[in-house]
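To start, the structure itself, in structure tokens.
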Amino acid sequence: MTIDSITVTVYTPTMSIDDRGMTIEELADLVGVTVRTVRYYITEDLLPGPGTRGKGTIYTQEQLLRLKLIRVLAEQRLPLAEIRKRLAGLSTRDVHALLGEEVRRAHEKEGSAGAQSPKDYISTLLGRARSTWTTPSPDPSHPAAPQAQASPDPASSGASSQAALGSAPGESWHRLPLAPGVELHVRGDTWDRHRNLIDQLLRSARASGDRRDL
Amino acid sequence: MSMANGNSRSNGNQRAGIAVTLESRPERRLIRPTGSLRHIDFCVRVGEFAANVRPDRTPLTLSLVLDRSGSMSGEKLATAKRAALAVLDRMDASDRVCLVVFDDRVDVVQPAALATPEIKRRIRAELARIEARANTALHEGWLIGCRAIAASETEPRNGGVARCFLLTDGQANAGITDPEEIAGEAAGVLEHTGIGTSTFGIGNDYNESLLGPMAVAGGGQFHHLRTAGEITNTFVGELGELLSVAVGHVRLELDGGRDITTEVISEYWASQPHPNASQVSVVVGDLPASEERHVVVRFGFPSHQALAERTVLARVVWSVGGEEHSIPWQEMGFTYADNRSCDTERHERMDSAAMHWVGLHHAERARREATQLSRRGDVQGARSLLEKVAKRIAEYAGSDPELQAAIYELLSLSQELSERPMDAADAKERYSQAQRRSRGQKDFRTI
């Protein structure tokens, strides 16, 4: 038996795009453009053609990189003539480097449009941290430590004993007795935001107290 | 091996040109058909200033964040205060300083201000009044210390160095306490505000798994202080480094492509700046002149059926005088080859200089991880890791004396663990030493 003279390309599942090359559909899909756009760029001499024609034509990594760069530059509203000029004579290595720079520049531009000042950035982190602040164990020697108070019945919905504490300059805190010797401290400016949680804790404390009385 | 040079330039009469170079040494160049892991040793070098040039010192902005919780009472707090004063004495009126103290409350004792004689007098008086009190809002104290620096800047810092020194003897037991979350925030603060973080843990009760990663992510240094007496030396020592920074915010940027995994073996914070891209950015830190740092990275190449070339790109980015500089991307090529060729390369053509650093950094990583395993009670896991890594290094160590010493240390530690578990003091000392050696940093405690 003789081997047929026609070359047959065999695709195996483990072969990646890097090995077998890409079809025009795959190339377009990877960059997020239509096949028509790819053909247009080839016609406009922005992208080198594949060298062969017809079904099964293969595109390479080099063409993929160039197409990505063309898209990044096009998104910056550069005219085609300018893009053609920038790509002229570039090696694959140069294309890769320029692509990295342009992607980075585009991301930085996006970031700076909504960028916070350093102080605001840290304030955001602090705000987030304080919203999860848990009550530290009480220290009687601490100047801001709560004083003992007679506790009302936590079962009275909404009727919780409150006292403002000066924990840090400008801050006020509310004290909610849950049981003898047990209090919940809530910072004044977070009361509304955490109302559901506070109610849950109060209900749970009430239920626990009821069980103890049985 | 690839080398690329880049030169930074000064503005006006500020810093003179100083060269930053990157030397990249892959251990091998061939990849097996079924895929391979390959290390590259990246050496970042900062050159010297020209002989006839005396550059202006980079202005420093420093936030001192001191723990005044109850456990710091006595000698610890007294020495922390003396250390803060020693640092203050070495700053001049072109620097900025602020002082924050915390227990379960955080107080900004002195907002960031130029370190004039008057401000120094004020800080001395305030320090004298500070007493130890309650629990430890470490996370909040640190953030307020960073914000105090950021809030003081009505103009851009113009390339100066900004650092927060966080000193504590305890655990974070108020506010956010998760070490990974806090380390992530330290990386974010460095990236978005340029403020780095160095941590100082004193005694045996603090969490080194919190302070260590915070300093790594924050581009600073973690110091384990065995006694209160070591506070001053480390404060002053690290201050000396900050006052001699030549290039700031040094980052190693890597790009191996979509399907190549990138794992940083050395103790540096790595992140992906752009979620869908393949680039990885490694925070090296602020470096003085005539300094070098090794970053060992392991790349995972996938399997392929046909021979093909793969390329890893690398470059260094840094800041001088508020301007960013970089060297051109370097390319390192790898080629798929049959197993026989790969075996021959392994036995005959491995880069021994690269493997020297690969082995040392794997050894330090094993020591850090074994310390943590042992502290969690998994002594068997710790020993198994130490012995496995020692055996692997022995396969290529040859007659390299430092690698032989590293193997001996790993096996000795495994033996020690079999005899007794690691106590808190020992764990902290080993952890901090492994981190310091991996990052090429100095031990200031005894200088």
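We did not get these values from a lab; they are worked out from the coordinates using the rules stated. These numbers come from a predicted model, not from an experiment. All Cβ positions, even for glycine, are placed from backbone atoms using ideal geometry, and neighbour counts span all protein chains on display.
Here are a few things to note about the model shown:
- Taking Cβ atoms as reference points and 10 Å as the exclusive limit, the residues near B:S63 contribute a net charge of +3, counting Lys and Arg as +1 and Asp and Glu as -1.
- Within 10 Å of the Cβ of each residue in B:138-151, the mean number of Cβ atoms contributed by other protein chains is 4.
- Net charge of Cβ neighbours under 11 Å - reference B:W142; Lys, Arg +1; Asp, Glu -1: -2
- Over 32 Å between alpha carbons, listed pairs B:K391/B:K442; B:K81/B:K428; B:K76/B:K391; B:K120/B:K442: B:K76/B:K391
- Expressed to the nearest 5 percent, the antiparallel share of DSSP beta bridges inside region B:60-243 is 20 percent.
- Potential extension, B:E324-B:D343 segment - 0.36 nm per residue separation minus Cα distance: 2.5 nm
- Cα-projected label distance for B:A353 with B:R82, points at 7 Å along beta-carbon direction, nm: 4.6 nm
- Net charge of neighbours whose Cβ lies under 13 Å from the Cβ of A:L125, counting Lys and Arg as +1 and Asp and Glu as -1: -1
- If R0 equals 51 Å, the separation of the Cβ atoms of B:R420 and B:Q272 corresponds to a calculated FRET efficiency of about 0.75.
- Value in Å of the Kirkwood radius, where chain B supplies the Cα pairs that are averaged: 23.1 Å
- Folded to 0 to 90 degrees: helix B:352-375 orientation relative to chain B principal axis, Cα: 60 degrees
- Across peptide B:184-196, the average count of Cβ atoms from other chains found within 10 Å of a residue's Cβ is 3.
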